[in-house]
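The values are calculated or read from the model by the stated rules, or taken from the named source; none is laboratory data. Given the structure is predicted, the values throughout are model-derived calculations rather than measurements. With ideal geometry, Cβ positions are generated from the backbone for all residues, glycine too; neighbour counts draw on all protein chains shown.
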Amino acid sequence: MDTSNVNELEQLGSFEISDQMLKLAQKNQRKNIFLNAGRGNPNWINKKARLAFNRLVEFGVQESERTLSQADLVGCPEKEGILKRFKHFLTAETETDHFLLEILDYTDGLKIDNEDLVKELIDGVLGNNYPVPSRVLKNSELILNQYLESTLYNGTKLADQTQIFPTEGGTAAIVYIFQSLKANKLIQPGDRIAINTPIFTPYLQIPELADYELVEVDLHSTEENHWDLLPEEIDRLNDAKVKALFIVNPSNPGSKALNSNALAAIREVVQKNPDLMIITDDVYGTFVEDFQTIYAVAPYNTLLVYSFSKLFGATGWRLGLIAAHKDNVFDRLIRQLPEKERAQLIKRYDLVVLEPEKLPFIERMVADSRSIGLYHTAGLSTPQQIMEVLFALTHLLAGDSDPYIETSRAIIAERYKELFAALQLPTDDGKENSKYYTLVNIYQLAEERYGKEFRHYLATHFEYMDFLKTLAEKEGVVLIDAVGFGAIAGELRVSEANLPAEDYRLIGHEILKVLKEYHDEFLAK
Ligand SMILES: *Cc1c(COP(=O)(O)O)cnc(C)c1O
């Protein structure tokens, strides 16, 4: 592709444009260091859980040798006495062993049978059995439920009423949800679904695909309203024709979490439109203090998507999950389908279960994730499930003021501050701002610094992508075009996730430098 042509670029998705920008930036004209603030991949990782995982593998191998040991071929762990041997193995002299011992105290408090738990953890990390039950390992679900309650519900107690399906990242969670909503006739071509734009691109792209043919109802947030979703936008859901709401909260790229007014509005909406299906993607929830998910205020109507990728720096592990209330609208809507469609669904699932009509929606997602026929070998790999559990436990043992979470927030807040200082713009320090991403509006910046006439010149003489491209080509700075997310032309997304704080100051300066060069050209004309 010829990247000199911005018109062609505008045909691509935001992340594909970014790949093109990377190439330009790496050989930038000024020979600046190349700064990629495009992607949301964090540049930190959680150490504690990874070391604990390693230690479990060591113990697991030792346990396996007990039953059979012929060179590299060893047996499988036995449950009998495993707890005692595990405690004996742990020395408590290292932080990692101390953490593992603390886990046992904590799970004792949850009334988990620790012998059973240790066997689950050890078999899990070794990966010596198919995931059974396929949806989620038994004790793992209990622990993950505690994690979700502690980080996302803000005091609402739902841990013992929630079912979890761990998935290959939030990405697979999204795919499985769309797939099963369609397969179970809960969304059909022509249905209206609401989306809070600007939004993470897949939520815009998937519904438009020929497979789904959904009609989007755009609940728009704007910069003037600090990217808040206003109650009057939420009121548009009071319409039985709107079948579903897909929402990212805190939003990406707006980075704002719903405040208590918005959550109250949602609570009212599901009373007036009780069939509304809500899918909330709370991947950034832990970056907001006192965050509360929609699932906590409307559990009956909501599926929750979570990912360990961002907080724990674990994008390569592919760790996410779907959570659903035991009593939910998805199951009810399936029961209420017309006779003919119910019969089709019975036929669809009776290959793998005895009472297909009673199969809950969450189990249908598990079955659908493996094209039904392979339901018995479905489920997230057990090492991945245990990694999720260990990440969750780092938080559960740290308690409400988890220093790891505090540090992750402080890091992105510092980067945000540096960027805004360099851009000479006021910061938004409201509690709901996760600061994980920032949207910079080039046209607005142009007007603020050089006046309306220059803004007009910039908007009419150049394609909106021109600035992004010049920034990459000349300065070596890569940002993401937010038009692909449903933002207006001129909005660029800066990710605060993946560069050291001082680089954000540089990025701010380089944005202003490029703007000044456009302005010099404008003056010369
Ligand atoms: C990063 C991101 C995801 C993807 O999470 P993975 O677990 O890495 O697949 C999902 N939703 C949103 C809004 C994201 O920003």
Determine which member of the set Thr302, Thr286, Thr315, Thr293 is under 18 Å from Leu186 (Cβ atoms) and either crowded, with 18+ Cβ neighbours inside 10 Å or among the aromatic types (Phe, Trp, Tyr) (or both).
Thr302
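Does Leu423 satisfy being in contact (Cβ under 8 Å) with a residue 40 or more places away in the chain and under 30 Å from Asp105 (Cβ atoms)? Can you show your working first?
Working: in contact (Cβ under 8 Å) with a residue 40 or more places away in the chain: yes; under 30 Å from Asp105 (Cβ atoms): no.
No.
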Taking only the range 452-506 into account, find how many residues are touching a Gly at 6+ places or on another chain (Cβ under 7 Å) and among the aliphatic types (A, V, I, L, M).
4
Taking helices (runs of 4 or more DSSP H) that do not extend beyond the range 228-316, which have at least 3 residues that are out of contact with any Ser or Thr (no Cβ under 9 Å at 6 or more places or on another chain) and within 16 Å of the ligand (Cβ to nearest atom)?
none
All but one of (1) surrounded by fewer than 20 Cβ atoms within 10 Å (Cβ to Cβ); (2) within 16 Å of the ligand (Cβ to nearest atom); (3) modelled with pLDDT of 95 or more hold for Lys185, so report the exception by its number.
(2)
So Glu78, is it farther than 30 Å from Lys513 by Cα, in contact with a helix residue (DSSP H, G or I) (Cβ under 9 Å, 6 or more places away or on another chain), exposed (fewer than 15 other Cβ atoms within 10 Å of the Cβ) and touching a residue at least 24 places away in the same chain (Cβ under 8 Å)
no
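Here is a yes/no grid of residues against (1) under 26 Å from Leu258 (Cα atoms); (2) in a loop (DSSP other than H, G, I, E, B); (3) outside the structural domain of Gly316 (by TED's automatic domain parsing):
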| site | (1), (2), (3) |
| --- | --- |
| Leu121 | no, no, yes |
| Leu144 | yes, no, no |
| Gly155 | yes, yes, no |
| Ala172 | yes, no, no |
| Ile187 | yes, yes, no |
| Ile195 | yes, no, no |
| Ile199 | yes, yes, no |
Might you check whether a residue that is surrounded by 18 or more Cβ atoms within 10 Å (Cβ to Cβ), more than 16 Å from the ligand (Cβ to nearest atom) and within 25 Å of Gln385 (Cα to Cα) occurs anywhere in the range 171-182?
yes
Go through (1) within 16 Å of the ligand (Cβ to nearest atom); (2) closer than 30 Å to Glu406 by Cα; (3) part of a helix (DSSP H, G or I); (4) not aliphatic (A, V, I, L, M) one by one and return the number of the condition Phe165 breaks.
(3)
